[in-house]
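For reference, the structure discussed in these notes is given below.
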Amino acid sequence: MAMSKLSDLDVSGKRVLCRVDFNVSTDKKTGEIKDDTRIVAALPTIKYLTDRGAKVILCSHFGRPEGRDPKLSLKPVSERLTERWGKPTAFADDCVGEVAEKAVSAMKNGDVLLLENLRYHAGEEADDAAFSAQLAKLADVYVDDAFGAAHRAHASVHAVAKLIPQKAAGLLLEKEVEYLGKALENPERPMVVILGGAKVSDKIKVIEKMIDVADTILIGGAMSYTFAVAEGFSVGKSRFEADKVELARHVRKLAAEKGKKFLLPLDHVVTQKFEAHAPHQVVGWGKIPDEWDSLDIGPKTVELFSKEIATAKMIVWNGPLGVFELEPFNAGTFAIAKAVAANTSATSIVGGGESVAAVKKAKLSDKITHVSTGGGASLEFLEGKLLPGVAALAK
Ligand code: AMP
């Protein structure tokens with residue numbers, strides 16, 4: 001699907017409502033911003049628009065407030081934005097109504113204004129017509145740069161786009177769709193997909209889609225234990241989904257029918273305690289003792305998967321291969337991150353919240369071609385779904 005791009009728009013002197021994803025992660029106790037990647041990621045679009053004399057009105061959701069919750073105000077984000085932008089930016093205490101309208105009417109060309117949390121209004125998540133009309137009233141042009149919110153048909157990414165005829169994708173959203181779209185429609189081959197994480201049920205549609213488009217699928221994480229059970233093995237205390245065993249069998253059959261390489265781990269790192277630095281040992285595939293819990297892929301699996309990754313021309317990775325939050329059970333995930341980073345001749349894409357966190361923790365993000373900013377959105381995109389926020393920008 002062809003999307004309108006910023007270069008299709010004339011924004012000079014126009015009021016541009018720009019939906020960004022400033023849903024940053026914060027410290028649970030202090031509320032301090034822990035990671036401002038999402039703010040930094042929006043800067044190229046803000047620069048593009050201000051360089052052309054637009055009045056840039058930013059809007060975003062933040063957390064899941066029920067009504068006006070001061071703990072989920074975007075005010076601290078606006079302060080961090082000013083720091084990152086390096087020039088003053090304004091903040092409006094509400095995203096619609098008199099407060100927002102007044103703030104917009106005070107703007108000059110090239111100014112940047114951030115509106116308060118969209119989710120202070122129930123109309124945002126309800127994709128409400130009256131709420132989106134209030135938002136649309138603020139602007140002449142609509143730009144969506146919030147890939148992280150593109151899978152939700154909420155007012156600021158969906159209904160509002162219908163009300164503002166002049167609209168386009170921001171640079172970040174355009175880049176996301178370009179890379180993820182390439183993986184689905186025109187991948188370089190061989191294409192290797194690494195899938196991990198907690199549950200088969202969360203990823204089943206991606207697994208099925210990837211069996212269609214990829215050449216090799218590598219499975220790790222807790223979801224691999226459901227496949228082990230499907231082969232008749234016991235997995236001790238390891239996490240698996242009893243009701244997805246049949247589905248796991250079906251998926252393997254599907255991969256075999258389509259002639260795809262579908263590789264499961266060769267070994268596991270098992271422990272009796274789910275805690276950091278717990279005593280652990282390596283056992284072979286299907287050899288998890290009773291009362292033991294497998295928390296990572298073992299060294300033979302790392303070697304096998306790394307060989308596949310080294311020969312790939314396109315790599316897509318979603319989901320950690322073990323409990324990367326706990327040392328030393330992060331070793332498998334970090335080794336795979338290194339293998340992906342080391343293949344500089346491949347286009348590598350990491351999508352999905354936890355795998356992105358793992359790559360960041362391994363300090364390898366800058367070695368990945370494209371680190372997606374959307375967890376749920378990248379997952380749904382890779383399922384082959386047309387996301388509402390993307391569909392709304394159709395040419
Ligand atoms: P997801 O959000 O589905 O990608 O799952 C990510 C979570 O899966 C992470 O928090 C990991 O700790 C968890 N995970 C990965 N491997 C295992 C495992 N072997 N046992 C338990 N949890 C795991």
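So the values come out like this:
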item	result
Share of alpha-carbon pairs per 5 Å distance bin for region 196-296, given as whole %	2, 14, 25, 23, 17, 10, 6, 2, 0
Cα principal axis extents for region 1-68, largest first, Å	44, 29, 24
For the chain, share of DSSP beta bridges that run antiparallel, in % to the nearest 5	25
Per-residue ³J(HN,Hα) for region 107-123, Karplus 6.51 cos²θ - 1.76 cosθ + 1.60, θ = phi - 60°, Hz, x for Gly and Pro	6, 10, 4, x, 6, 10, 10, 10, 8, 5, 2, 4, 7, 5, 10, 4, x
Dipole magnitude (debye, nearest 20) for the chain, charges at Cβ of Lys, Arg, Asp, Glu	660
Average accessible surface area per residue within the chain, 1.4 Å rolling probe, Å²	42
Long-range HN-HN contacts of I194 with modeled amide H, under 5 Å	L218, V316, W317, N318
Region 14-131: Rg to Rh, with Rh as the Kirkwood radius over Cα pairs	0.95
Hull shadow area, averaged, region 296-367 [alpha-carbon convex hull, nm²]	4.1
For peptides 298-304, 138-144, 3-9, sequence by mean Cβ density within 10 Å, most packed first	138-144, 298-304, 3-9
Globularity index of the chain, i.e. its alpha-carbon radius of gyration over 2.2 N^0.38 Å	1.06
Cβ crowding within 10 Å averaged over residues, with 197-207, 164-174 ranked highest first	164-174, 197-207
Value of D in µm² per second that Stokes-Einstein yields for region 179-382, Kirkwood Rh from Cα pairs, at 4 °C (1.567 mPa s)	78
Other-chain or far-sequence residues with amide H under 5 Å of F91's (modelled H)	L114
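The values are calculated or read from the model by the stated rules, or taken from the named source; none is laboratory data. Quick caveat, the model's predicted, so the values are computed rather than measured. Note that we place each Cβ from the backbone using ideal geometry, even for glycine, and neighbour counts take in every protein chain shown. Quick note on the areas: whole protein, heavy atoms, side chains included, nothing else; ligands and nucleic acids left out. Shrake-Rupley method; radii C 1.70, N 1.55, O 1.52, S 1.80 Å.
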